[in-house]
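Have a look at the structure below, then the notes.
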Amino acid sequence: MGTTTTPDEWPPDGQFTFDLFISKKYKSFSDAGNIQFTDSIGNLFFRVDRGQSHNSSPHTHRQKLILDASDKTLIRLVRLVKGSWQGFMVTDTEEKELIFSVNRTLNTFTKLEFDIFLGDGHGEGAEADLKMKGSAFRRSCTIYKGNSIVAELDL
């Protein structure tokens, strides 16, 4: 006799595989473009939009916005220094809390590696919650939690 699964146990093994398709849309010839994530039939999941720079401080910080299909801002990404980003949850145009920080740990021609810290309160020398390793040349990356693969991208 087979086992049954209740809605609280779905997916049964804790994994749910789905494909997202990434494309870059250009508004004009000089535009750097925005990245869009869609499902297999073209429904928009979310997009990354280049936000405005904060010119109020002497150190101009670049930001990007992650928006849902209805153009509601979900996350504001702020570049602190080269290779270091922070992501803030946004609700009703109000920034709520730091949800992650990313620091580049390796940058060579063929390899990129990042440490990802979830939440706030990670001090110097703290162990990363996730690690991302990839290659821009091969257009691929893998995200690890410990020795387990959490996500993969291979174009």
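The values are calculated or read from the model by the stated rules, or taken from the named source; none is laboratory data. Please read all numbers here as calculations on a predicted model, not as lab measurements. No Cβ is skipped: glycine too gets one built from the backbone with ideal geometry, and neighbour counts run over all protein chains shown. Accessible surface is based on the protein model in full, side chains and every heavy atom, while ligands, DNA and RNA are left aside. Shrake-Rupley method; radii C 1.70, N 1.55, O 1.52, S 1.80 Å.
What pairs from LYS72/LYS145; LYS96/LYS131; LYS64/LYS145; LYS82/LYS131; LYS82/LYS133; LYS82/LYS111 go past 23 Å between their alpha carbons? Walk me through the numbers on the way to the answer.
On the way: LYS72/LYS145 29 Å; LYS96/LYS131 25 Å; LYS64/LYS145 25 Å; LYS82/LYS131 18 Å; LYS82/LYS133 17 Å; LYS82/LYS111 16 Å.
Going by Cα-Cα distance, LYS72/LYS145; LYS96/LYS131; LYS64/LYS145 fall outside the 23 Å limit.
With each label point set 7 Å from Cα along the Cα-Cβ vector, what nm distance links GLU113 and GLU95?
It is 3.1 nm.
Please give the FRET efficiency for TYR144 paired with ILE22, using the beta carbon to beta carbon distance and R0 = 22 Å, rounded to the nearest 0.05.
0.60
Order the following by accessible area, largest value first: PHE109, PHE45, PHE37. Probe radius 1.4 Å; ligands, DNA and RNA are ignored.
Details: PHE109 170, PHE45 90, PHE37 40 Å².
Correct descending sequence by accessible area is PHE109, PHE45, PHE37.
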